[in-house]
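Written out below as structure tokens is the structure these notes cover.
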Amino acid sequence: MGGRCEACRANISVTQKRIKCTQCSHNYHSECINFNNDTASRSEWKCPACIASCRKGGDNSNTPIRSNKSPSKIVHDETMIRPSNKSFDQPTPITETSSCQPYNLELINSIELLLDKKLSAIKFDIIQELKLSLITEIKNEITSNLKQLEESHNSLLNDYNNLKSNFEKLQQNVQDGEMNLTDLCAQIKKEQQWGRLSNLEIVGLPENSKESISELTIKIASYAGIKLTNDQIVSAHRVQPMQNVGGRPKNIIVKLQNRTIKDNIISGLRKTKGITTSDIELGGPAKRFFVNEHLTPENKQLLKTVKSRAMAKSYKFVWVRNCHIF
């Protein structure tokens with residue numbers, strides 16, 4: 001609050017224009033005493049009561065009449081006083097002396113400057129406080145968000161580390177599984193080849209609907225210088241080739257009682273430099289056929305590759321013994 005107006009006895013708010021008497025220090029609404037910047041200097045302004053007391057005879061008729069009305073509702077008309085002499089028909093306006101007007105203006109200007117400074121300071125303080133409050137709020141929010149981001153990051157990092165550890169374990173398991181699978185495949189191939197150690201494979205022998213493969217095998221062994229009986233033949237039959245070629249007879253697989261018999265037959269045929277159909281008393285023109293060790297499909301492909309490389313390198317011989325390629 002800015003004090004109380006001595007004219008209307010109402011409180012003076014900080015937003016209302018006011019003037020302070022330089023003599024008695026009483027405050028007034030600018031509207032209550034018709035004060036404006038053109039009236040007088042604020043630094044020299046005196047209220048009507050003080051002006052009246054300074055006059056001869058102590059006339060204070062120019063003092064405004066006190067009222068309970070708000071200064072915003074006061075009609076600022078000139079105060080009119082009629083003299084007791086009835087011969088005067090026109091009212092005589094009472095005004096302040098011209099000597100006080102510069103003081104009133106200067107005082108008003110000073111008060112306005114002071115108010116402007118005060119309001120500017122208050123405005124600045126409010127703005128600074130709002131800025132500080134806003135900055136603090138934003139800082140707290142950013143801090144909270146950063147904390148949440150850090151927690152999320154740590155959680156994701158832990159998940160990533162767990163996944164990485166699990167992946168490494170799975171990768172190691174896969175590698176171990178691949179190694180085991182490779183070992184198993186090699187073992188299976190070895191077992192498959194081991195199961196063929198007592199077998200003969202006859203390639204290129206013409207087919208006959210009335211043929212007896214056991215009898216043909218006995219004749220082949222006889223040509224190699226080996227006496228073979230039916231009891232020593234476990235099984236003998238033709239098999240479908242991996243790739244069908246028109247006009248080519250099916251291969252014959254003969255399983256013998258033991259590997260020694262097979263090795264002796266192959267060794268005897270090597271000494272004869274080969275065998276033909278006429279050597280085993282088959283009718284028709286003589287056709288050469290081959291008696292080999294029974295290799296697995298993978299080893300047959302390997303033998304084919306080795307022969308091709310040997311030919312390119314000008315090697316003379318490639319042979320198989322006990323299902324091993326040399």
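The values are calculated or read from the model by the stated rules, or taken from the named source; none is laboratory data. Since the structure is predicted, the reported quantities are computational estimates derived from the model, not experimental observations. So basically every Cβ, Gly included, is an ideal-geometry build from the backbone, and we count neighbours across all protein chains shown.
Results, tabulated for the structure shown:
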item	result
Residue among L282, L303 that is in contact with a Leu (Cβ under 9 Å, 6 or more places away or on another chain) and outside any helix (DSSP H, G or I)	L282
Lone qualifier among K118, K123, K189 - being outside the structural domain of S30 (by TED's automatic domain parsing), modelled with pLDDT under 90, in a helix (DSSP H, G or I) and within 30 Å of Q232 (Cβ to Cβ)	K189
Residue that is farthest from L295 (Cα to Cα), among those in the range 310-323 that are among the charged types (D, E, K, R) and either in the same structural domain as E201 (by TED's automatic domain parsing) or loosely packed, with under 11 Cβ neighbours inside 10 Å (or both)	K313
Test: residue in the range 261-274 that is among the hydroxyl-bearing types (S, T, Y), surrounded by 11 or more Cβ atoms within 10 Å (Cβ to Cβ) and assigned to a helix (DSSP H, G or I)	yes
Test result for Q240, exposed (fewer than 10 other Cβ atoms within 10 Å of the Cβ) and not charged (D, E, K, R)	yes
Selection within the range 11-48 - among the small types (G, A, S) and either crowded, with 19+ Cβ neighbours inside 10 Å or touching an Asp or Glu at 6+ places or on another chain (Cβ under 6 Å) (or both)	S30, A40, S41, S43
Unique residue being farther than 23 Å from I325 by Cβ and either touching a residue at least 60 places away in the same chain (Cβ under 8 Å) or part of a helix (DSSP H, G or I) (or both) when the list is A310, A236, A221	A221
Selection status of S214, under 30 Å from T272 (Cβ atoms), surrounded by 10 or more Cβ atoms within 10 Å (Cβ to Cβ) and small (G, A, S)	yes
So R259, is it within 19 Å of T276 (Cα to Cα), outside the structural domain of V320 (by TED's automatic domain parsing) and among the charged types (D, E, K, R)	no
Among the residues listed as V320, V245, V291, V234, the single one being within 22 Å of K190 (Cα to Cα) and modelled with pLDDT under 90	V320
For E207: the one exception among (1) in a loop (DSSP other than H, G, I, E, B); (2) free of Cβ contacts under 8 Å to residues at least 12 places away in the same chain; (3) exposed (fewer than 13 other Cβ atoms within 10 Å of the Cβ); (4) not aromatic (F, W, Y)	(2)
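Rundown of residues vs (1) exposed (fewer than 10 other Cβ atoms within 10 Å of the Cβ); (2) modelled with pLDDT under 90; (3) over 52 Å from the mean Cα position of the chain (by Cα); (4) over 30 Å from K300 (Cα atoms), yes/no style:
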| residue | (1), (2), (3), (4) |
| --- | --- |
| L113 | no, yes, yes, yes |
| L163 | no, no, no, yes |
| N199 | no, no, yes, no |
| V203 | no, no, yes, no |
